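**Q** Structure below; questions to follow.
Readers should treat all values here as calculations from the given coordinates under stated rules, not as data from a laboratory. Given the structure is predicted, the values throughout are model-derived calculations rather than measurements. Glycine also receives a Cβ, built like all others from the backbone with ideal geometry; neighbour counts cover every protein chain displayed.
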Amino acid sequence: MITYLFIGIFLLFFMTAALAPLESLGWWAGWSREAGKKGGASPLEAESDKTAAEEPDFYVIYLSGIGAISGDSFPEEEYPFLHGLEERLPTAKIITDVYPYSVTNNGLTGQRFFANIWKQIEKMRFKNPNSVLSLLVNLRNALQMFVSADRRYGPIYNLGIANEIYRVLLAHGYRPEGKRPIVLLGWSGGGQIAIGAASYLAALPSPIYVISLGGMLSDDPGLEKLTHLWHLYGVADPLQALGGVLYAGRWPLTPDSPWNSAMANGLIDIICLGYYTHNGKGNYFDMETKLPNDARGRSHGEKTIDTIEHILADQKLIVRVDSATNSAPGREAAPRLTDEFSIQGATS
């Protein structure tokens, strides 16, 4: 009996994995109700809103991990982190309404055949985040992440995500002629999808940056088109390390792969945050658990925000505040930075 159960589970997983690219292929073929035209359109072909409103200094597109159900429904631990990021980056527009596991930005609880089932799972997850059924969300989204990294279906999938990112940017006031920088902040599976979408977003006149938080990154061709990538990881996070194992293009034996070429050209920085886990206590978003031996008494989440803040300051996207005066010329008090922080990722 147990043997038949395992066989059934294996066959179900195999069928689910085999069907994972269908949504992307259907979108490309023009079957999706959201598609106004064939999916092959370039992001630059979309009509821009020529609003005269003043743009922010830069845009941050947050791409959640495989636990996301829609563009506005993430695991609860991510919300305090995002609120903290908004407070520390007042000159940026932080956008969270992109669902990176659908080429049409259609969340699991949106207009789908099984939407009611996903809604029930969402309610159960609010009561018990560790429920077994909530793992179905992770499994479904993880398969879409692997589609993004696939050399056969990935270009279609990543084009769809890039189109949705561009559409959402326009809705939030982005104007290509303004050339405002775009930062893709990808958590876990969102990190891989960010570098995949960058292949097409690079056609925009804006510089495209990617910050990966524990992302399971492949050797995606989009790496060679980025302005820069920062991969933040924790030593107690085995999931992010799988990228270097599963994708041969990240092995030292393939020096001409997109990953190794980008590394050789200085387009990638690897930053160790210390003893961070992927999930649970001590993860990248944990705003309560204090770091051991941290001189400033920060939590794990606060150090993550500090690191992102430091990266953006180095790129001159935000103004570094003079610690003596706590002010910057011509601007209100900006996020606090101190010279003691090292981007090399020492544990504190």
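**Q** Would you mind checking the radius of gyration and Dmax of segment 65-206 based on alpha-carbon positions, in Å?
**A** 15.5, 48
**Q** Moving on to the next point. Per 0.36 nm of contour for each residue apart, how much would the distance between ASN293 and ALA203 grow if the chain were fully extended, relative to their Cα-Cα spacing?
**A** 27.9 nm
**Q** Considering amide H positions built from the backbone, and no H for Pro or chain starts, which residues 5 or more places from GLY274, or on another chain, come under 5 Å of its amide H?
**A** Amide H to amide H, under 5 Å and 5 or more residues apart or across chains, GLY274 pairs with VAL235.
**Q** Here's a follow-up. What pairs from LYS179/LYS316; LYS93/LYS119; LYS225/LYS303; LYS93/LYS281; LYS93/LYS316 go past 22 Å between their alpha carbons?
**A** Among LYS179/LYS316; LYS93/LYS119; LYS225/LYS303; LYS93/LYS281; LYS93/LYS316, the Cα-Cα distance tops 22 Å for LYS93/LYS119; LYS225/LYS303; LYS93/LYS281.
**Q** Plugging the Kirkwood radius over Cα pairs into Stokes-Einstein for segment 163-256, at a temperature of 20 °C and a viscosity of 1.002 mPa s, what D comes out in µm²/s?
**A** 154
**Q** Calculate the length of the line joining the C-alpha centroid of segment 260-311 to that of segment 57-81, in whole Å.
**A** Segment 260-311 and segment 57-81 have Cα centres separated by 17 Å.
**Q** Nearest 0.05, what FRET efficiency do LEU253 and GLU54 give at R0 = 45 Å with Cβ-Cβ as r?
**A** 0.35
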